[in-house]
Amino acid sequence: MKDQSRQLAAIMFTDIVGYTALMGMDEQKAFELLDKNRQIQKPIIEQYNGRWLKELGDGVMASFHTVSDAVYAAIKIQQACNSAKDFQLRIGIHLGEVVFENEDVFGDGVNIASRIQAIASPGSIYISETVHNSISNKKDFQTKFVKEEKLKNVKEPVKIFQVVAEGVVQHQLNIGEIIKPKPIILFVAVAVVVVLIAGYFVQKFFIDNQSSQGVTADESNDRSIAVLPFVDMSAGKDQEYFSDGLSEDLLNLLSKIPELKVIGRTSSFSFKGKNEDLRVIGEKLGVANVLEGSVRKDGTRIRVTAQLIRTADGFHLWSEQYNRDMDSIFELQDEIAEAVVQGLKLKLLKTKSPPGATPVNKEVYNLILQGNYFLEKRDKENLDKALDFYLRALAIDSLNARSWAALANCFSIQSSWSWIDPLQGLQKARNAATKAIALDSNLFEARRALGAVRMWNFEWDGAEAEFEKAMQLDPGNAETYRMIAFLYRAMGRFEEAIRLYKKSIDLDPIKGHTYFNYGQLLYHAGQPEDAIASYKKVLDLHPQFPRTHIFLGKVYLLQGKPEMALTEMQQETNEVWKNFGLILAYQALGRKEEADKLLQVHILRFAKDEAYQIAEVYAVRGEKDKAFEWLEKAYAVKEVRLTYLKGDPLLKNLEGDPRHKAFLKKMNLLND
């Protein structure tokens, strides 16, 4: 474990001019420039006893023990870069107190240097007044005053100077900075300003009246953030569940702020362990900012380092380090969230964790986070592990609402996949969710868990009410939008479902599960081409995402393309679904004998959990009596696949039969 050190240092930031635009036009050339940039800068930084700290996209941060070394290095870098003429750099230098820890550096000294670099002219070197004062009496350096600038999150204006040297571009003062206007000129200027201001307010009036949000696209984008998974810096590297859990808690806390677009867990966590350029992350997720950091946990003590970074240029908007005891973990989350809110200039945070709503017990909190870690893996074995952790948490504190909500969610997922008895599992999930709400009625996870239970029990109105409460409590949560969109699809409210799926995708843009559900909706809504595009997006993100090949094949069957359907069905890895898909494909291709044999195998092996699939097959074959018989069997065990019923193209042959209308009525899906 490395100790932190606080010291005075000269911090230098460099940045390639126009790199983002180049990246969009010629990615290969952009990467070549990055390599050239390293080849130029690294040897020079080392020559002047500097420390290469890190790359921030196309930017570089370095520290020096002396101001002279930093300025010498900056001059050499600009001279080499400007003479090569491959690209231009902006360079900013500031002298200030910073904190070094784990090959990284934090503090106001870093932020000011970064902000100075951001306003520097291409090919130039801008320095703060403290740097200027340190070198002004040295004959090797010449400087020139540029302007006094109010930098973001810096209380007092900073005087900015530029370094004057051969091979370094000089900022030219504009006319307004050089000439003091005469009265007549001043009068004309004021008149022009008045006209411009009037034009601004006229334009603003029309824009505001055209926009229901009252903000421009740029302003809206500035209010977007992804919380990247914090890095486990513990000595044993065994606290990943804790660093993941803290990141997710912060994400959930920030998503409660209506003004802020917060990217969902799945998309944010997809960059875990990858040294991805922040610009790339910003472009893939559609966000202007990221929150990242690290966690070191030692017994009951935790050290959290957090930093808010602008994705466009890697600029540090804010960074801080916290040393806390586990007892104050929720207060720590509130502190970080509020710092983010202030850093993005939003309204003050109004959604702090309510004191006493979910009392903190160090051991219980740890067990919940470990359970969540395994729950996210979403397979049978890991869900069993998650369940064990939640039960252990409740054994310690049976009044912890969060534990009950997590338990309800786990039972609900296990039931929906038939990994436990569906009827018993859903009842356990209902009991746990109800208990959580009784303990904390404002816990959105509990409301959403109860909504899922009611949906799987075909209590459509009750499910909608719970999902809406969850949405009110956490208005920016992508998973809640996905769940209520799934509900609306089951109810046949396709247009509303499409709108909510789009919202969920906007908040969690690379979550395969959402694209899968969206494709399913489009298939039911009679939009096969869009459904195909959605399923192909799933396969781009996750080439072996369960059932995707089957559902894509079903769309091809709907389009009358059985050969293409068969090709998809053959690629499915799940045995149950592959068998089901092959039956449908063989049936469509007229290979009835093969279809019959596979159907018998399917009934013998999978009838207990897949009665709805068998009903679909018989409906396609035109055997209505058997189709209705298997629908009743599916209903008897509350099979979750019955949520496919409304608008299912495979059940088209049953429409018009009085039994179909009666079954819809029994499912509370008949719109009178």
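Is it the case that some residue within the range 358-365 is at pLDDT 90 or above, closer than 25 Å to Trp419 by Cα and buried (at least 17 other Cβ atoms within 10 Å of the Cβ)? Steps first, answer last, please.
Residues of the range 358-365 at pLDDT 90 or above: 364.
In the following step, the residues that additionally are closer than 25 Å to Trp419 by Cα were identified as none.
No, the range 358-365 contains no residue that is at pLDDT 90 or above, closer than 25 Å to Trp419 by Cα and buried (at least 17 other Cβ atoms within 10 Å of the Cβ).
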**OP:** Could you pull out every one of the helices (runs of 4 or more DSSP H) wholly within the range 240-296 that has 2 or more residues that are aliphatic (A, V, I, L, M) and out of contact with any Pro (no Cβ under 9 Å at 6 or more places or on another chain)?
**Re:** 240-254, 278-285
Subject >> Given (1) at pLDDT 85 or above; (2) β-branched (Val, Ile, Thr); (3) assigned to a helix (DSSP H, G or I), number of the condition Ile225 does not satisfy >> reply: (3)
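Take the residues of the range 465-475 that are of a type outside the set (D, E, K, R) and surrounded by fewer than 23 Cβ atoms within 10 Å (Cβ to Cβ): which is farthest from Leu250 (Cα to Cα)? Step through it out loud before you land on a result.
Of the residues in the range 465-475, the ones of a type outside the set (D, E, K, R) are 465, 467, 470-473, 475.
With the extra rule that they be surrounded by fewer than 23 Cβ atoms within 10 Å (Cβ to Cβ), the set shrinks to 465, 471-473, 475.
Working: Ala465: 26, Met471: 17, Gln472: 18, Leu473: 15, Pro475: 15 Å.
Going through the qualifying residues, I end up with Ala465.
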Original post:
If a residue has to be buried (at least 18 other Cβ atoms within 10 Å of the Cβ), among the aliphatic types (A, V, I, L, M) and under 23 Å from the mean Cα position of the chain (by Cα) to count, how many in the range 524-540 make the cut?
Top reply: 2
Original post:
Among (1) under 14 Å from Ala490 (Cα atoms); (2) surrounded by fewer than 22 Cβ atoms within 10 Å (Cβ to Cβ), where does Glu639 come up short?
Top reply: (2)
Original post:
Considering only the range 90-109, how many residues are touching a Leu at 6+ places or on another chain (Cβ under 9 Å) and under 19 Å from Asp15 (Cα atoms)?
Top reply: 4
**OP:** With respect to Gly622, determine if the residue is on the phi > 0 side of the Ramachandran plot, in contact (Cβ under 8 Å) with a residue 12 or more places away in the chain and not assigned by TED's automatic domain parsing to the domain that holds Asp421.
**Re:** yes
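Which is out of contact with any Lys or Arg (no Cβ under 6 Å at 6 or more places or on another chain), of a type in the set (A, V, I, L, M, F, W, C) and at pLDDT below 95, of Met491, Met471, Met455, Met483?
Working: Met491 fails: at pLDDT below 95; Met455 fails: at pLDDT below 95; Met483 fails: at pLDDT below 95.
Criteria check complete, one pass: Met471.
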Original post:
So which helices (runs of 4 or more DSSP H) are wholly in the range 580-672 and hold at least 1 residues that are of a type in the set (Gly, Ala, Ser) and at pLDDT below 95?
Top reply: 624-636
Original post:
Where residues in the range 315-333 are surrounded by fewer than 17 Cβ atoms within 10 Å (Cβ to Cβ) and part of a helix (DSSP H, G or I), which of them is modelled with the highest pLDDT?
Top reply: Glu331
Subject >> Test set (1) closer than 24 Å to Tyr488 by Cα; (2) assigned to a helix (DSSP H, G or I); (3) among the aromatic types (Phe, Trp, Tyr) - Phe458 fails condition number >> reply: (2)
Subject >> Every pair of residues 6+ apart whose Cβ atoms lie under 8 Å, when the first sits in the range 142-169 and is closer than 14 Å to Asp108 by Cα and at pLDDT below 90 while the second is of a type in the set (Gly, Ala, Ser) and crowded, with 19+ Cβ neighbours inside 10 Å >> reply: Asn153/Gly343; Val158/Ser128
Subject >> Yes/no for Ala436 being more than 30 Å from Pro543 (Cβ to Cβ) and not assigned by TED's automatic domain parsing to the domain that holds Val637 >> reply: yes
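With the structure loaded, tell me whether Arg499 is free of Cβ contacts under 8 Å to residues at least 24 places away in the same chain and either under 24 Å from Asn671 (Cβ atoms) or in the same structural domain as Leu664 (by TED's automatic domain parsing) (or both) or whether it fails that test.
Values: free of Cβ contacts under 8 Å to residues at least 24 places away in the same chain: yes; either under 24 Å from Asn671 (Cβ atoms) or in the same structural domain as Leu664 (by TED's automatic domain parsing) (or both): yes.
Here the answer is yes, as Arg499 does meet what is asked.
Here's the yes/no breakdown for (1) out of contact with any strand residue (DSSP E or B) (no Cβ under 7 Å at 6 or more places or on another chain); (2) modelled with pLDDT under 90; (3) among the basic types (Lys, Arg):
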position	(1), (2), (3)
Met23	yes, yes, no
Leu34	yes, yes, no
Gly50	no, no, no
Gly57	yes, yes, no
Val98	no, yes, no
Original post:
Inside the range 113-133, can you point out the residues that are surrounded by fewer than 20 Cβ atoms within 10 Å (Cβ to Cβ) and over 20 Å from Asp15 (Cα atoms)?
Top reply: Glu129, Thr130, Asn133
Original post:
Val164 is checked against (1) surrounded by fewer than 19 Cβ atoms within 10 Å (Cβ to Cβ); (2) closer than 21 Å to Ser319 by Cα; (3) among the hydrophobic types (A, V, I, L, M, F, W, C) and fails just one. What number does that condition carry?
Top reply: (2)
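The values are calculated or read from the model by the stated rules, or taken from the named source; none is laboratory data. Values in this document were obtained by computation on a predicted structure and should not be read as measured data. Note that we place each Cβ from the backbone using ideal geometry, even for glycine, and neighbour counts take in every protein chain shown.
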